Amino acid sequence: MRVFVRTSKLAIWARRLGTFGVPLLVLAILLHVLGHISTDVFEVCLAIATVAGGLAVLLALAGYVRLWFTGDKGWGLASAGLLTGALCILPVGAALALMAVYPSTADISTDPRDPPELTFPRAGEPQAIDPDLALEAFPRVLSRSYRIDPVILYGIVRRIAEDKGWQVMGSQGPQTAGDDGRLNAIRKSLLGWSNEVAVRIEPAPLGAQLDIRGASVRDVQHDLGSNGLALESFLVALDQAVADHLRNNVQLSDAFEADIPADATPIATP
């Protein structure tokens, strides 16, 4: 006598939902990063994939319980649903973790009182943030004063921005040591959200002062610390580049009377 063993429908649907959500999520991220779909469409796809993944995980867990008591087939299907479902909800889980670790830096600047001007059009204004919380989370995001010609500093800033893959949207380099300079660029986050970076360079008594601002192009409540992390990384790279320039150029401009030692480092000012 043959005994018919059923395959758990819970396991079957767990796998179906998981294998639907993963390709949708991967394709949506790829198209958004490449700029082939709008952010609104991407966020809808992300929401659908997350819901599908969450249901897949729940059905897989329920399937495990049923399989344990009934002896039906479907352990492999339930496991596939659990794995693919977890992959679908991974971006949202990571976002919640970042929100718990970092304050919002949807609009962060080294000069909160007079931040560099933004130029890229946006849907609504980015949410204001608490400068004290931002400074506590990102202590390196401070105004910089360098013993270097503003013209040279602008060249270093532009090179670093291009090396990071930022799309320069507008710039005005200083022509002399007494001129101001600015640079505005678009930076893409890991999942393709757009952020504007504005850099302002002004002449200072010993060289040049730099302020930088990062802001989400869209009106968002929380940017997961993306702008704060990006500005910190940029300023660290800038500090190193300026220090390297000072070490490699013993002969300074006639505009500077002070002797700068070979191991001079930039000065960060709050």
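The values are calculated or read from the model by the stated rules, or taken from the named source; none is laboratory data. Everything numeric here is computed off the predicted structure, so don't read it as measured data. Positions of Cβ are backbone-derived with ideal geometry, glycine not excepted, and every protein chain shown enters the neighbour counts. Ligands, DNA and RNA are excluded from the accessible area calculation, which covers all protein heavy atoms including side chains. Shrake-Rupley method; radii C 1.70, N 1.55, O 1.52, S 1.80 Å.
Between 113, 144, 218, the GNM of the chain built on Cα springs shorter than 10 angstrom shows 113 fluctuating the most.
Relative to the compact-globule estimate of 2.2 N^0.38 Å, the Cα radius of gyration of segment 133-217 comes out at 1.13. Estimated from helical segments only, the mean residue ellipticity of the chain at 222 nm is -16500 deg cm²/dmol, where each DSSP H run of four or more residues counts as -39500 (n - 2.57).
What Kirkwood radius, in Å to one decimal, follows from the Cα pairs of segment 1-66? Please report the intermediate quantities before stating the final value.
On the way: mean 1/r = 0.0755 Å⁻¹.
Hydrodynamic radius (Kirkwood, Cα only) of segment 1-66 equals 13.2 Å.
Angle, helix 9-33 long axis vs. longest principal axis of the chain, Cα atoms, 0 to 90°, nearest 10? The two axes meet at around 20 degrees. A DSSP coil position with no more than 16 other Cβ atoms inside 10 Å describes none of the chymotrypsin sites (Phe, Trp or Tyr not before Pro) in segment 119-216. Where is the GNM fluctuation largest for the chain (alpha-carbon springs, 10 angstrom cutoff): 149, 180, 114? Highest fluctuation among the options: 114.
Net charge dipole, the chain: roughly 2280 debye, given to the nearest 20, about the Cα centre with Cβ charges of +1 for Lys and Arg and -1 for Asp and Glu. For the chain, the residue among 57, 45, 171 whose Cα projects farthest onto the positive side of the dipole built from Cβ charges is 57.
Expressed as a whole percentage, what fraction of the accessible surface of the chain belongs to carbon and sulfur atoms when a 1.4 Å probe is rolled over the protein heavy atoms? Walk me through the numbers on the way to the answer.
Details: 8950 of 14800 Å².
Roughly 60 percent, rounded to a whole number.
I'd like the orientation of helix 226-248 relative to the chain: the angle between its Cα long axis and the longest Cα principal axis, in ° from 0 to 90, rounded to 10. Approximately 40 degrees, to the nearest 10. Between 0 and 90 degrees, the angle of helix 75-101 with respect to the longest Cα principal axis of the chain falls at about 30 degrees.
Between 234, 20, 69, the GNM of the chain built on Cα springs shorter than 10 angstrom shows 69 fluctuating the most.
What dipole magnitude, in Debye to the nearest 20, does segment 1-127 give about its Cα centre under +1 on Lys/Arg Cβ and -1 on Asp/Glu Cβ?
On the way: 9 positive and 8 negative charges, 271 e Å.
Result for segment 1-127 is approximately 1300 debye, rounded to the nearest 20.
Accessible surface calculations at 1.4 Å, restricted to protein heavy atoms, place segment 1-105 at 61 Å² per residue. With Rg/Rh (Cα atoms, Kirkwood Rh) as the read-out, I listed (1) 0.96; (2) 0.98; (3) 1.19; which label goes with the value calculated from this structure? So the calculated entry is the one marked (3).
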